[in-house]
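K.L.:
Below is one structure. I have some questions about it.
The numbers here are math on the coordinates, done by the rules we state, and not lab data. Computed from a predicted structure; not experimentally measured. Glycine gets a Cβ as well: all are built from the backbone with ideal geometry, and neighbour counts include every protein chain shown.
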Amino acid sequence: MQLDQFIRDVPDFPKPGIVFKDITPLLGDPSALAMAVELMANPYRGQGIDLVVGAESRGFIFGTAVAQSLSAGFVPIRKPNKLPWETHAITYELEYGTDTLEMHQDAIKTGQLVLIVDDLLATGGTMKACCDLVDQVGGKIVGISVVIELTFLNGREPVKPHDVHALLQV
């Protein structure tokens, strides 16, 4: 099975000139979804992953499934004012402005082994913010696993030296 057949290109979304990589067909196919989760988790089996971290919102979809596959816990990273407990926050640069992400202060203990999961790695801004939050609380990032990497945007650069595992590279 080739997973790329389950990724739909949507031209001019969310704005003209952008070709959005829609994962909805992959999510709707049980075999493709199961394969994606296993392929995202497999490189990290036997590495003692304690927690999988996923950013809102599609990181939740793959993150919880990968966490279950690795017998690890899951930590959500959310947009501001969505978490009910004390949080750490990080603000990061976007192409036009800034954004902020938050994580519970007690979500990760110092030294815990963490895998960060998302659907897409583009410029690396959101992923770098996730890495910074994990580092801030003393988690040890073992790797980053994504479904799609848009290689022409060089998203690996901001997250160096962390290992990036991508199922599909565009």
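K.L.:
If the cut-off is a Cα-Cα distance under 22 Å, which lysines reach Lys82, setting aside same-chain residues fewer than 8 apart in sequence?
P.N.:
Filter leaves Lys109, Lys128.
K.L.:
For the chain, what proportion of DSSP beta bridges, expressed in % and rounded to the nearest 5, is antiparallel?
P.N.:
Bridges in the chain are about 35 percent antiparallel.
K.L.:
Also, I was wondering about something else. Loop-only check: which GluC sites (Glu not before Pro) in region 83-170 are DSSP coil with at most 15 other Cβ within 10 angstrom?
P.N.:
Details: sites: Glu86, Glu93, Glu95, Glu102, Glu149; in loops: Glu86, Glu95.
Answer by residue number: Glu86, Glu95.
K.L.:
Between the DSSP loop rule and a limit of at most 15 other Cβ atoms within 10 Å, which trypsin sites (Lys or Arg not before Pro) in region 39-133 are left?
P.N.:
Passing sites in region 39-133 are Arg45, Lys82, Lys109.
K.L.:
I've got another one for you. Evaluate the distance, in nm, between pseudo-label points positioned 7 Å from the Cα of Asn154 and of Lys82 along their respective Cα→Cβ axes.
P.N.:
It is 2.9 nm.
K.L.:
Still on this structure, please answer the following. How much FRET efficiency would the formula 1/(1 + (r/R0)^6) give for Arg45 and Asp99, where r is the Cβ-Cβ distance and R0 is 25 Å, rounded to 0.05?
P.N.:
According to the calculation, E is roughly 0.15.
K.L.:
With 10 angstrom as the radius, rank Asp50, Asp12 by how many other C-beta atoms surround their C-beta, starting from the fewest.
P.N.:
Fewest-to-most ranking of Asp50, Asp12: Asp12, Asp50.
K.L.:
Rounded to the nearest 0.05, what FRET efficiency do Ser71 and Thr24 give with R0 = 35 Å and r taken as the Cβ-Cβ distance? Could you check? Intermediate results must be reported in sequence, preceding the final value.
P.N.:
Values: r = 28 Å, r/R0 = 0.80.
The pair Ser71/Thr24 has a calculated efficiency of 0.80.
K.L.:
Now for a separate question. Run the simple label-point estimate for Asp12 and Lys140 please: 7 Å along Cα→C-beta, distance reported in nm.
P.N.:
5.1
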